[in-house]
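Student: Got a structure for you, questions after.
The values are calculated or read from the model by the stated rules, or taken from the named source; none is laboratory data. Predicted model only: the values in this text are computed from it and were never measured. When we count neighbours, we look across all protein chains shown, and the Cβ atoms used for this are built from the backbone with ideal geometry, even at glycine.
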Amino acid sequence: MSNRHQARQSIIEILYAWDSSQQDPITLKAQLQDRLALEERKDQDKDFIHKALEAIVPMVVKIDEALSKVVRGRSIRSIGKVELSVLRLASWELMQRSDIPYRVVINEALELTNMYADIPARNFINGVLDQLASSMRSGEYKAKK
């Protein structure tokens, strides 16, 4: 497992705990410290975790608005917290991290979904992220299709 993949696992777990605690900043900080100290992930990319959380949390409304446009017939509140955490991380990467190819973003999101959710969730996340990538990264998306 790469350092970045381990970091993404931690980010998903932190975002899940943060959202489950009604987005309590104290919970976020505690979860971050717990995840950084986790021995089994001692080689994770800690800088990536910090940058992602520092960016995602203030952008969560903007991210959720973007997701709302592509989750046809569903509200953000109806999406499971695990799936929403995966979608928020991947959406941020699509919006803000053009250095990461959109296919890598989607693949990582699907691998994380396999770890934490079921097959219908995987199909849902794949569809949502494919739509986001086609609009947010249209040039890259068209070139790869």
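Student: Give the residues of segment 103-123 that are modelled with pLDDT of 95 or more and surrounded by 15 or more Cβ atoms within 10 Å (Cβ to Cβ), sorted by residue number.
Tutor: VAL105, ILE106, GLU108, ALA109, LEU110, GLU111, LEU112, THR113
Student: Given the residues LEU36, LEU94, LEU28, LEU53, which is the only one that is touching a Phe, Trp or Tyr at 6+ places or on another chain (Cβ under 9 Å), surrounded by fewer than 19 Cβ atoms within 10 Å (Cβ to Cβ) and not acidic (Asp, Glu)?
Tutor: Values: LEU36 fails: touching a Phe, Trp or Tyr at 6+ places or on another chain (Cβ under 9 Å); LEU94 fails: surrounded by fewer than 19 Cβ atoms within 10 Å (Cβ to Cβ); LEU53 fails: surrounded by fewer than 19 Cβ atoms within 10 Å (Cβ to Cβ).
Unique residue meeting the criteria: LEU28.
Student: For GLY127, only one of the following conditions fails: (1) over 23 Å from GLN23 (Cα atoms); (2) part of a loop (DSSP other than H, G, I, E, B). What is its number?
Tutor: The one condition GLY127 does not meet is (2).
Student: May I pose another question? How many residues does segment 63-89 contain that are part of a helix (DSSP H, G or I), more than 18 Å from ASP99 (Cα to Cα) and touching a residue at least 24 places away in the same chain (Cβ under 8 Å)? Before you say what the answer is, go through the steps one by one.
Tutor: Filtering segment 63-89 for residues part of a helix (DSSP H, G or I) gives 63-68, 76-78, 81-89.
Going one step further and asking which of them are more than 18 Å from ASP99 (Cα to Cα), we end up with 63-68, 76-78, 81-87.
Then keep just the ones that are touching a residue at least 24 places away in the same chain (Cβ under 8 Å); that gives 63-64, 66-67, 81-87.
Going through segment 63-89 one residue at a time, the tally reaches 11.
Student: Kindly check whether there is at least one residue in segment 86-101 that is of a type in the set (Ser, Thr, Tyr), more than 22 Å from SER10 (Cβ to Cβ) and out of contact with any Pro (no Cβ under 6 Å at 6 or more places or on another chain).
Tutor: Keep residues of segment 86-101 that are of a type in the set (Ser, Thr, Tyr), which gives 91, 98.
Next, only the ones that are more than 22 Å from SER10 (Cβ to Cβ) stay: 98.
Those still in the list that are out of contact with any Pro (no Cβ under 6 Å at 6 or more places or on another chain) too: 98.
Within segment 86-101, one or more residues are of a type in the set (Ser, Thr, Tyr), more than 22 Å from SER10 (Cβ to Cβ) and out of contact with any Pro (no Cβ under 6 Å at 6 or more places or on another chain).
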